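First up is the structure itself, then whatever we jot down about it.
The values are calculated or read from the model by the stated rules, or taken from the named source; none is laboratory data. Please read these numbers as outputs of a predicted model, since none were measured by experiment. Please note: Cβ atoms are built from the backbone with ideal geometry, for glycine as well, and neighbour counts cover all protein chains shown. Side chains included, ligands, DNA and RNA excluded: accessible areas come from the protein's heavy atoms. Shrake-Rupley method; radii C 1.70, N 1.55, O 1.52, S 1.80 Å.
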Amino acid sequence: MIRLCSVEELDEDEILRVELDGGHGIAVYLLDGEIFATDDLCTHGEASLAEGEIEDGKIVCPFHLGSFDIRTGAACAAPCSIALKTYPVEVIGGDVHIAM
C-alpha cells in the first residue's frame, strides 16, 4: 500500500494531485463522501487532470474538454477514448492509501 495523503487534505468536489516517487502523478477525489484515485495524466494528451473540473461525477480534462468517470475511469466524452487507470483506495488511520 502506498500512502497518498490524509483524509483531512481532501475537499468535496476538489482534486488533489499527489506525485509518487519517480514522478508518477495520482489524482485523488472526494466525491459524494467517497474517496477515489486515478492516474493524473489524461489518456488523450499530456494534461494534468488535477487542473480540470469535476462535473456530475466526471473529471473534465483542461486541454480538450474530454472527460472520464471518476468512479470507473471510463472515457465519457471525445476526444478521450481510452479509459483512465483507477486504483483501489483504502483509508488506514485517517490516511488514504492505494495498491499499485
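If you take the residues in segment 1-16 that are among the charged types (D, E, K, R) and open to solvent by 100 Å² or more (accessible area, probe 1.4 Å), which one is farthest from Ile92 (Cα to Cα)? Only one residue tops the list, namely Glu14.
Looking at Ile26, is it closer than 20 Å to Met100 by Cβ, of a type in the set (A, V, I, L, M, F, W, C), out of contact with any Gly (no Cβ under 8 Å at 6 or more places or on another chain) and open to solvent by 60 Å² or more (accessible area, probe 1.4 Å)? The answer is no for Ile26. Among the residues of segment 1-51, those identified as more than 24 Å from Cys80 (Cα to Cα), in contact with a Leu (Cβ under 7 Å, 6 or more places away or on another chain) and in a strand (DSSP E or B) are Ile2, Cys5, Glu12.
Within segment 77-100, the residues that satisfy the criterion of being open to solvent by 40 Å² or more (accessible area, probe 1.4 Å), under 18 Å from Asp40 (Cβ atoms) and not in a loop (DSSP other than H, G, I, E, B) are Thr86, Val89.
Taken over segment 43-76, the residue count meeting the criterion of being over 12 Å from the mean Cα position of the chain (by Cα) and either open to solvent by 90 Å² or more (accessible area, probe 1.4 Å) or touching a residue at least 60 places away in the same chain (Cβ under 8 Å) (or both) is 6. Could you look through segment 45-83, keep only residues that are in contact with a helix residue (DSSP H, G or I) (Cβ under 8 Å, 6 or more places away or on another chain) and of a type outside the set (Phe, Trp, Tyr), and pick out the one that is farthest from Ile26 (Cα to Cα)? Among those residues, the one meeting the criterion is Pro62.
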